[in-house]
Each structure stands twice: as structure tokens, then as C-alpha cells.
1. Tell me the residue from 93, 117, 102 that is at pLDDT 95 or above, outside any helix (DSSP H, G or I) and in contact with a helix residue (DSSP H, G or I) (Cβ under 9 Å, 6 or more places away or on another chain), please.
2. For residues in the stretch 66-96 being of a type outside the set (A, V, I, L, M) and closer than 11 Å to residue 12 by Cα, which is surrounded by the most Cβ atoms within 10 Å (Cβ to Cβ)?
3. Filter the stretch 45-60 for residues that are part of a helix (DSSP H, G or I) and either at pLDDT below 95 or surrounded by fewer than 19 Cβ atoms within 10 Å (Cβ to Cβ) (or both) and give the result.
4. Within the stretch 126-145, which residues are touching a residue at least 60 places away in the same chain (Cβ under 8 Å) and either of a type in the set (S, T, N, Q) or over 20 Å from residue 15 (Cβ atoms) (or both)?
5. Can you find, within the stretch 7-29, the residue that is nearest to residue 146 (Cα to Cα) among those that are among the polar types (S, T, N, Q) and surrounded by fewer than 17 Cβ atoms within 10 Å (Cβ to Cβ)?
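The values are calculated or read from the model by the stated rules, or taken from the named source; none is laboratory data. As the structure is a computational prediction, the values presented were derived from the model and not from experiment. Quick reminder, even Gly has a Cβ in these numbers, built from the backbone with ideal geometry, and neighbours come from all protein chains shown.
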Amino acid sequence: MIKLLQTGILWVVLLFGILGGFFFSFSFVTMPGLDLISGVAAIEAMQGINTAVRNAYFFVPFFLTPVFAFAFAGVAVFTGCRRAAYYLGASAVLYLAGGFAVTVFYHIPMNEALAVVDGPVLGVGASEVWRTYSQDWTPLNTFRMSVCLLAMVLAVLALYETKA
């Protein structure tokens, strides 16, 4: 049963790492790159990205990672690895509060507002719309990246606690 628990925790670590890396790439590559092009092009590119991200490859880590963390916390309790259970539970709660909730209540509304913007109609005004969006969107994205990486560290600590 310990091997199953360790394997499950490794998957949780991997999934938190995927999420952290995903958000990292936006804060330090995608958004700065979009800031270098015209406002119209940046708005259209982000609209495309926001449509493309709605897929099964993003669904699994975004929605199921906390489910897996809680499930394996239960397995950890069952196998007597209470500290591992604590770390896994804490990683899931941290992600739900600082990654998932920030996405749902901050980033998604911003993305939906951007989705209805017609960049070409705005013309030169699109640059200001983009600049405001990027400046407001990126810092909390960096925050959720940090949360995911901290959750990953907690999951690593859970794995460490399963070692006899």
C-alpha cells in the first residue's frame, strides 16, 4: 500500500509542477512577449490562447490535482502516514485557495472581458487596453505560480514522510 501511496504522491508532485510551470511560462515568457507586439495583435493572441486552454490536457492538472491530493491524503491516513496526509491536504487547500480560486474569480472574469474586445475596432486604443490587462493580469498569475510551486513542495514533503 505504501508503494501505491508513493506513486500517487509522485503524480501529485508532477501535476503541481505542471501547473506551476504553466503559470511560470505566462508570467515570464508569454505575457512579456505579447507586451512587445501591437495591442491589437496581443489582444487577438490572448483571445486565442484563452480559447485553446479549454482542453483535456489543461483540465486534468487544473481540476483533478487537488482531488488526487485529497484522495492520497486519505490513503496516507489509512496507511498510518499522518504527516504525509497533512502535507497533501495542505497542498490541496493551498492550491484551491491560491491557484484555483484566483483563476476562477480573477483571471477568468478578466479573460471573459477581453474575449469581447474587438482589437481592430479599437485601433490605437487597443494598446492601452492591452497594457492595462497585462499589468493587472500578470502579478496574480505570478502569485498562482508561486502557490502551485509551494503546493508541489508540500507534496514532496508528503513523499518524504512515507519513507520508513
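1. Going through 93, 117, 102 in turn, the sole match is 117.
2. Checking each candidate, the answer is 91.
3. Within the stretch 45-60, 45, 47, 48, 49, 50, 51, 52, 56, 57, 58, 59, 60 qualify.
4. 126, 127, 128, 129, 130, 131, 133, 134, 137, 138, 141, 142
5. Checking each candidate, the answer is 25.
Okay, residues lined up against (1) within 19 Å of residue 17 (Cα to Cα); (2) of a type in the set (S, T, N, Q):
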site	(1), (2)
57	yes, no
69	yes, no
84	yes, no
91	yes, yes
122	no, no
137	no, no
140	yes, no
144	yes, no
151	yes, no
